[in-house]
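*Asks:* Please see the structure below; I have some questions.
The values are calculated or read from the model by the stated rules, or taken from the named source; none is laboratory data. What you see is a predicted model, and the numbers here were worked out from it, not measured in a lab. In this analysis, Cβ positions are derived from the backbone assuming ideal geometry, glycine residues included, and neighbour counts consider all displayed protein chains. Only protein heavy atoms, including side chains, enter the accessible area calculation; ligands, DNA and RNA are left aside. Shrake-Rupley method; radii C 1.70, N 1.55, O 1.52, S 1.80 Å.
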Amino acid sequence: MLFNTQVFLLAFLPVALFGFYLLIDRPALRAWWLIGVSLYFYGYWEPRLLPLLVASILLNWLLAIAFVRWRFGWLLPVGIASNLALLGVFKYADFFASSLAAFTPLEHGSFNIILPLGISFFTFQQISYLADLSRGAAPRYGLREYALYVSFFPQLIAGPIVRHNQIIDQYALDPRRDGASQRVAQGVLLLVLGLAKKLLLADEAAEFADPIFAAVGPGVSVAPESAWIGLLAFTLQIYFDFSGYSDMAIGLALLFGLSLPVNFNAPYRAVSVSDFWRRWHITLSEFLRDYLYIPLGGNRHGQARLALALLATMLLGGLWHGAAWTFVGWGALHGLALVAAHGWRRTGIKCPDALGWVLTLVVVMAAWVLFRAPDFESAAWFYASLWPWHAGVAVTGLDSLWVLYVGALLATLGPTSQSLAHEWLRPRRWQAVATGVALTFLILAAGGLRSEEFIYFQF
């Protein structure tokens, strides 16, 4: 069930909201209602995978209860390792086996393991809780609060990655508390903005990116103008696709009186790679910083240790995105760029923001080729296609590039969704009417346009 479909917007969401507000004076029941509709939402995709999510929630909660009660120091490391093992089996078993077979006489046939939706996200959330519990930075939660923390449907499939201390305390708050009407208005506006990003920008950009990347492969390249159009299209597609999902997730949570953390802040305006990672997929960046980079030493043990910590963090961050060496390469490119940026800062020479912005965008766009290409050889041919003197086949049907021009302007110069929701939105009738008309149009468009899955659903 996609956020950008009529079955979600016209059936699931109204029922979920109706039941929630019907039980508004019964905090425990409204929480169980949200757990129930969230599990239904997850099982709608593939009912056979629902027991995995339920078992993961129960086992991690029981592990936390056992640790609080008996204080066995080995329990939480075992729990974290078990979560990583679960992720390893479902997401990386084929990858590791095929990689081993490539360097040994062994042969490997695909295990045909179905990748559970959102496994990377709900696994990371539970790891963060266990890690905080082990260092005394998290309390024991009841099953109801913990189950809702993990399963809450707006962020279950593709984030934001929410920490326990960012959301669980909100469950006890009355949705009718001060600011309720403002939260609902902001939620509807963010839902509209997210839908618009997905349907009108990301999916339209995919019409250019998909055929161009599909046309490039080992020994096959495209003309430079086609390659640049494809790269720009994917650069915009992945941003509007994922930030659109995040807007919708945050907006949907606000409709239930809950606030999720911001996940994007105009990343294509970044003036350094470090700045980019403070703006792109913010909750993942913070997770990797707090649970990987800092434990590896961070910037506390000299430049060599810092460089190794950055590279290891970004390599594993790349692998988290997908079970392929191209994702590792994508992470490595960003890791090297971050190391170079730290080295430049040590010189004390100020890089002009305009130049920093250009260099950052070059690095980010170059890395997106590895993120999108199916293998390194295809990526190499795509890189070759970008050079102006390269001779390749021109991809036809690339007319009406307006969506790319509009998308580029919005991504670099336009206001962020959060600024519109929190600064622009006022209790004015014309804004309410405009938002309602836009939502109606987008719901109708969702029925007439092809429903593309969100890119991050595969992670």
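*Asks:* Checking the conditions here, which among Leu319, Leu336, Leu315, Leu260 is within 18 Å of the chain's Cα centre (by Cα), open to solvent by 20 Å² or more (accessible area, probe 1.4 Å), at pLDDT 95 or above and on the phi < 0 side of the Ramachandran plot?
*Replies:* Leu315
*Asks:* When the residues of the stretch 1-32 are filtered to those that are within 24 Å of Ala202 (Cα to Cα), part of a helix (DSSP H, G or I) and touching a residue at least 12 places away in the same chain (Cβ under 8 Å), which remaining residue is most open to solvent (accessible area, probe 1.4 Å)?
*Replies:* Within the stretch 1-32, the match that is most open to solvent (accessible area, probe 1.4 Å) is Leu10.
*Asks:* Sticking with this structure for a sec: Residues in the stretch 441-452: is at least one under 21 Å from the mean Cα position of the chain (by Cα), assigned to a helix (DSSP H, G or I), at pLDDT 85 or above and closer than 13 Å to Val192 by Cα?
*Replies:* Checking the stretch 441-452: not a single residue is under 21 Å from the mean Cα position of the chain (by Cα), assigned to a helix (DSSP H, G or I), at pLDDT 85 or above and closer than 13 Å to Val192 by Cα.
*Asks:* With (1) over 17 Å from the mean Cα position of the chain (by Cα); (2) buried (at least 22 other Cβ atoms within 10 Å of the Cβ); (3) more than 30 Å from Phe20 (Cβ to Cβ); (4) not acidic (Asp, Glu) as the list, and Leu254 as the residue in question, which single condition is left unmet?
*Replies:* Evaluating Leu254 over (1) over 17 Å from the mean Cα position of the chain (by Cα); (2) buried (at least 22 other Cβ atoms within 10 Å of the Cβ); (3) more than 30 Å from Phe20 (Cβ to Cβ); (4) not acidic (Asp, Glu) leaves (3) as the failure.
*Asks:* Still on this structure: Would you be able to tell me the number of residues in the stretch 289-312 that are in contact with a Gly (Cβ under 6 Å, 6 or more places away or on another chain) and buried (at least 20 other Cβ atoms within 10 Å of the Cβ)?
*Replies:* So the answer is 2.
*Asks:* Turning to a different aspect of this structure: Of these, Pro427, Pro388, Pro415, which one is part of a loop (DSSP other than H, G, I, E, B) and in contact with a Phe, Trp or Tyr (Cβ under 8 Å, 6 or more places away or on another chain)?
*Replies:* Of the residues listed, the single one that is part of a loop (DSSP other than H, G, I, E, B) and in contact with a Phe, Trp or Tyr (Cβ under 8 Å, 6 or more places away or on another chain) is Pro415.
*Asks:* Further question: Which pairs turn up if I take residues in the stretch 293-315 that are farther than 18 Å from Phe276 by Cα and look for partners that are surrounded by fewer than 15 Cβ atoms within 10 Å (Cβ to Cβ) with beta carbon separation below 6 Å, at least 6 apart in sequence or on another chain?
*Replies:* Taking only residues 6 or more apart or on different chains, the pairs are Gly297/Arg305; Leu306/Asn299.
*Asks:* Hey, among the residues in the stretch 133-167 that are touching a Phe, Trp or Tyr at 6+ places or on another chain (Cβ under 9 Å) and of a type in the set (D, E, K, R), which one's nearest to Arg69 (Cα to Cα)?
*Replies:* Residue satisfying both the conditions and the ranking: Arg140.
*Asks:* Mind checking whether some residue in the stretch 340-361 is open to solvent by 40 Å² or more (accessible area, probe 1.4 Å) and within 27 Å of Ser99 (Cα to Cα)?
*Replies:* no
*Asks:* Now a separate question. Has the stretch 251-260 got any residue that is polar (S, T, N, Q), touching a residue at least 24 places away in the same chain (Cβ under 8 Å) and touching a Lys or Arg at 6+ places or on another chain (Cβ under 9 Å)?
*Replies:* Within the stretch 251-260, one or more residues are polar (S, T, N, Q), touching a residue at least 24 places away in the same chain (Cβ under 8 Å) and touching a Lys or Arg at 6+ places or on another chain (Cβ under 9 Å).
*Asks:* Please go through the stretch 362-378 and give me each residue that is over 23 Å from the mean Cα position of the chain (by Cα) and buried (at least 16 other Cβ atoms within 10 Å of the Cβ), ordered by number.
*Replies:* Across the stretch 362-378, the qualifying residue is only Ser378.
*Asks:* Restricting to the stretch 127-162, and then to whatever is among the charged types (D, E, K, R) and in contact (Cβ under 8 Å) with a residue 40 or more places away in the chain, can you tell me which residue is most open to solvent (accessible area, probe 1.4 Å)?
*Replies:* My answer is Arg140.
*Asks:* Let me ask something additional. Identify the single condition in (1) at pLDDT 95 or above; (2) of a type in the set (Phe, Trp, Tyr); (3) open to solvent by less than 20 Å² (accessible area, probe 1.4 Å) that Phe95 does not satisfy, given that it satisfies every other one.
*Replies:* (1)
*Asks:* Further, regarding this structure: Counting just the residues of the stretch 263-283 that are farther than 14 Å from Ser417 by Cβ and in contact with a Gly (Cβ under 7 Å, 6 or more places away or on another chain), which one comes out most open to solvent (accessible area, probe 1.4 Å)?
*Replies:* Val271
*Asks:* Could we say that Phe213 is open to solvent by 10 Å² or more (accessible area, probe 1.4 Å), touching a residue at least 40 places away in the same chain (Cβ under 8 Å) and either in contact with a strand residue (DSSP E or B) (Cβ under 7 Å, 6 or more places away or on another chain) or closer than 30 Å to Arg30 by Cα (or both) here?
*Replies:* no
*Asks:* Report the residue count in the stretch 163-179 for those that are closer than 16 Å to Val150 by Cα and surrounded by 12 or more Cβ atoms within 10 Å (Cβ to Cβ).
*Replies:* 8
*Asks:* Could you list, in sequence order, the residues of the stretch 391-407 that are open to solvent by 30 Å² or more (accessible area, probe 1.4 Å) and not in a strand (DSSP E or B)?
*Replies:* Within the stretch 391-407, Ala391, Gly392, Ala394, Val395, Thr396, Gly397, Asp399, Ser400, Leu401, Trp402, Tyr405, Val406 qualify.
*Asks:* Return the pairs, sorted by first residue and then second, in which the second residue is open to solvent by 70 Å² or more (accessible area, probe 1.4 Å), the first residue lies in the stretch 33-58 and is farther than 20 Å from Ala16 by Cα, the beta carbons are less than 9 Å apart, and the residues are 6+ apart or on different chains.
*Replies:* What qualifies is Arg48/Ile114; Leu49/Ile114.
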